[in-house]
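Colleague: Here it is: the structure, laid out below.
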Amino acid sequence: MLNKKRQLYISNSKDCRSCFKKDQCLAQGTTRRKLYRSEYESVVDEHKRRMEFYGKGKMKQRGALVEHPFGTLKMRAGWQHFLVRGFKKVKGEWSLMNLAYNFTRVLNIIGMKGFKAYCQ
């Protein structure tokens, strides 16, 4: 398990007097609010901002371009899960699956004769 770093922010209700979201943030009768923020929260926020900017059109395009090879790999291998454990081993297994997929694509595009000619 990854060791996630978090920052703790504590605010007093006095600090929140002028905030227009005070009623949404602080419960009635509480004197302070604790917020935990992950060290990666800024990356997540940036990703959400980009997804809102690009909208659903880009996600549809991604689904059309990228998801097909993943589906093909899963279908071909009967994938439900990785067969090994550990990040390095999973990365190796994924790389082998991609190599086999890409090699098959090359053979389908240029054919066996074209591949033999290229190798010579």
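Colleague: At a Förster distance of 25 Å, what's the computed FRET efficiency of residue 56 paired with residue 102, Cβ-Cβ distance as r, to 0.05?
Modeller: Details: r = 29 Å, r/R0 = 1.16.
It comes to 0.30.
Colleague: Follow-up. What nm value, rounded to one decimal, do you get for the distance between residue 46 and residue 13 when each label is placed 7 Å out toward the C-beta?
Modeller: 3.8
Colleague: A further question follows. To check my understanding: the extent here is largest minus smallest coordinate of the Cα atoms along each principal axis. What are those three numbers for segment 16-57, in Å, largest first?
Modeller: 45, 23, 15
Colleague: For the Cα atoms of the chain, what angle does the longest principal axis make with the long axis of helix 87-119, in degrees from 0 to 90, nearest 10?
Modeller: Around 40 degrees separate the two axes.
Colleague: How much length is gained on full extension from residue 85 to residue 6, taking 0.36 nm per residue of separation minus their Cα-Cα distance? Please report the intermediate quantities before stating the final value.
Modeller: On the way: separation 79, 0.36 × 79 = 28.44 nm, distance 2.74 nm.
This chain segment gains 25.7 nm when fully extended.
Colleague: Bin all alpha-carbon pair distances of segment 45-115 at 10 Å intervals from 0 and give each bin's fraction as a whole percent.
Modeller: Taking all Cα pairs of segment 45-115, the binned fractions are 16, 32, 30, 20, 2, 0 percent.
Colleague: Stokes-Einstein at 25 °C, 0.890 mPa s, Kirkwood radius from Cα pairs: D for the chain in µm² s⁻¹?
Modeller: Values: Rh = 20.1 Å.
This corresponds to a translational diffusion coefficient of 122 µm²/s.
Colleague: For residue 112 paired with residue 74, estimate the spin-label separation in nm (one decimal), with each label point 7 Å from Cα along the Cα-to-Cβ line.
Modeller: Roughly 3.2 nm, to one decimal.
Colleague: So how far apart, in nm, are the two label points at residue 93 and residue 30 if each is 7 Å from Cα heading toward Cβ?
Modeller: 4.2
Just so you know, all these numbers are worked out from the coordinates, no wet-lab data involved. Values in this document were obtained by computation on a predicted structure and should not be read as measured data. Here Cβ is always computed from backbone atoms with ideal geometry, including for glycine, and neighbour counts include all displayed protein chains.
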